[in-house]
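Below: the structure, in structure tokens.
Throughout, read-outs are computed from the coordinates displayed, never taken from laboratory work. Source: prediction; values computed, not measured. Cβ coordinates were reconstructed from backbone atoms using ideal geometry, including for glycine residues, and neighbour counts include every protein chain displayed.
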Amino acid sequence: MPPTHTRPLSPKVTHPHSNSKSRFAWTPCANISDILTLRYMRTQDARLVRYEKYQLRYELLDERVRTFSPNLFMSMRPDCRDLVQLINAQFSHVARLWAMLIDTIAESDQGTLSSPDVEGYYCSSKMDVYLCDAIDTLYELDTECAHSFPDYDSFFGDDVTGCHCPLCSPSAESRMRLKEYAAEFHGDLDRFFFCKVFRDLGVETRTGTSESHY
């Protein structure tokens, strides 16, 4: 088992480049310790996920699942009924995977599911892979809803536009290391699924087995 991550956390401050409308204080990039790929990384306890340029919080997703009203949107746009039903189901699916990850980390002996790296921790658990893939789908549906409904409040709100820290602007060496870790820890996934999840690393794999989703 990897050792417990002990990197000190910086105080929460408002990011100077954030377009955030969230009631949560901005979380500095230094608090992000566990990395899967260029577009998916998270805090050690997984309550905050950095996806693409956005900071996503489990508490806000849980609230969205409880308060989202699909009937309201379907009454506004009957022609978008399938889209609304899909995103409603995807909110619940992502919340289930995310809660499972948070609970598993909290119950683990070391308080982490990741493997140590020289710059932090790598997300070696398949749970992060499946969550990343589910968020990919949610992002696509959320973007479509934002285009279809003028009053739709996008779940992807807090962004890090303009930040040039090593996480936001990784070096070529860091990118290569992530690619190597992806092959080492997740190369046993189905080839198509593996390349889909790690497409931002330009990965390929010669071996693969059928992935089993939660």
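Translational diffusion of the stretch 29-164 was estimated from the Stokes-Einstein equation, with Rh taken as the Kirkwood radius over Cα pairs; at 20 °C and 1.002 mPa s the coefficient is 136 µm²/s. Charged side chains reduced to their Cβ positions (Lys and Arg at +1, Asp and Glu at -1) give the stretch 29-164 a dipole of some 160 debye around its Cα centre.
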